[in-house]
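Participant: The following block contains the structure, expressed as structure tokens.
The values are calculated or read from the model by the stated rules, or taken from the named source; none is laboratory data. Nothing here was measured: the structure is a model prediction, and the numbers come from that model. Positions of Cβ are backbone-derived with ideal geometry, glycine not excepted, and every protein chain shown enters the neighbour counts. With ligands, DNA and RNA removed, areas are computed over all heavy atoms of the protein, side chains included. Shrake-Rupley method; radii C 1.70, N 1.55, O 1.52, S 1.80 Å.
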Amino acid sequence: MSDQTSIVKEIMDLKKKQDAVILAHYYVGNDVQEIADYVGDSYFLAKKSTELSHNVIIFCGVKFMGESAKILNPQKKVYMANENAECSMAHMVDPDYVKSIKETYPDLATVCYVNSTTKIKAMSDVCVTSSNAVSIVRKLPNQHILFIPDKNLAHFIAKQVPEKEFIFNEGFCHVHNSIQKSELLEAKKQYPNALCLAHPECTGDLLDECDFVGSTSQIIDYATGSDAKEFLICTEVGVFYELKKKNPDKLFHAVSVKQTCGNMKKNTLEGVLNALQGVHKEVVVEKEYEPLARKALDQMLYYAVR
Ligand code: 13P
Ligand code: SF4
């Protein structure tokens, strides 16, 4: 038996013994996606965590995803496959800035991308993900929207919801923000028949050149449902695994060498095994922020289906 096969076997045995379920984001490596029970975008994984009866969740993703699963399922034990996998954008908003904007606009809704810390979620009225941000913001009764932490997603939503007034923050994803419009234009020259699909964390000038903008799941669904045979993909390269699995006859190209999230790639099979073996600490969230953070996440689940 190869090392990989024996690790996978151990994972499967321990998973059963412990009544554990493995959730993985589309950005983790192919081998980890392959052994996960559920693979999806951040909204799917957060929602799925609330629908499962397992006692233990092993999360293959970044910290805010494990924390969201824990906040939504306080009775369950949640472990990260890698305890140091962080999303840098989650920390790119100053709580004092949020406080000051709240004091300035009495009718404000503070809308927080799920890529955020528990403290920031607790300061927010509602969380959103890239798959539901536009529709949830549209449904809010408030005229002024403070959108944190991501400036690119905020500007994308503001364009779709012109009837509201937005206050922005300077956060960004270093992976998506670094994909250049010039690189996309070069790739378009090279693959003139390809459709261009992008994640809304990319910059606005790049999004303006694209045929479709959506979350990781929405990009995969769009490519799968499309008659086109070739696509330029502006998001993290982990999505290629599912794209190719669902569309073996179609071609997918990255546009930049920077489309890799190092933190997502910290998730490994060994890490999943360690988590199941009790080597990792359980995910805990700050007690003082937990109830309000849960309220913001619950509001997302509420608005997403209305
Ligand atoms: P999705 O909500 O599309 O899964 O995106 C999460 C993320 O971290 C994007 O960089
Ligand atoms: Fe965070 Fe960007 Fe990595 Fe997504 S791709 S987890 S936003 S750093």
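Participant: Among what's in segment 214-261 and is under 30 Å from N84 (Cβ atoms) and part of a strand (DSSP E or B), pick the residue that is farthest from ligand 1 (Cβ to nearest atom).
Facilitator: It comes out as F252.
Participant: Follow-up. Would you list the helices (runs of 4 or more DSSP H) that sit entirely within segment 1-87 and hold 1 or more residues that are surrounded by 24 or more Cβ atoms within 10 Å (Cβ to Cβ)?
Facilitator: Filter on segment 1-87 gives 30-35, 42-51, 63-72.
Participant: Then there is this: If a residue must be touching a Lys or Arg at 6+ places or on another chain (Cβ under 6 Å) and more than 29 Å from V128 (Cβ to Cβ), how many such residues does segment 247-300 contain?
Facilitator: Adding up the residues that qualify gives 1.
Participant: Give the number of residues within segment 187-213 that are part of a helix (DSSP H, G or I) and in contact with a helix residue (DSSP H, G or I) (Cβ under 9 Å, 6 or more places away or on another chain).
Facilitator: Residues in segment 187-213 being part of a helix (DSSP H, G or I) and in contact with a helix residue (DSSP H, G or I) (Cβ under 9 Å, 6 or more places away or on another chain): 4 in total.
Participant: Working only within segment 106-123, note down all residues that are open to solvent by 10 Å² or more (accessible area, probe 1.4 Å) and touching a strand residue (DSSP E or B) at 6+ places or on another chain (Cβ under 6 Å).
Facilitator: Selection gives D107, L108.
Participant: Quick one: which of T224, T203, T216 is within 18 Å of the chain's Cα centre (by Cα) and farther than 30 Å from K16 by Cβ?
Facilitator: T203
Participant: Quick one: how many residues across segment 174-188 are open to solvent by less than 20 Å² (accessible area, probe 1.4 Å) and either within 14 Å of the chain's Cα centre (by Cα) or over 11 Å from N152 (Cβ atoms) (or both)?
Facilitator: 4
Participant: Still on this structure: What are the residues in segment 5-31 that are closer than 19 Å to V279 by Cβ and within 16 Å of ligand 2 (Cβ to nearest atom), if any?
Facilitator: Listed by number, the residues that qualify are L23, A24, V28.
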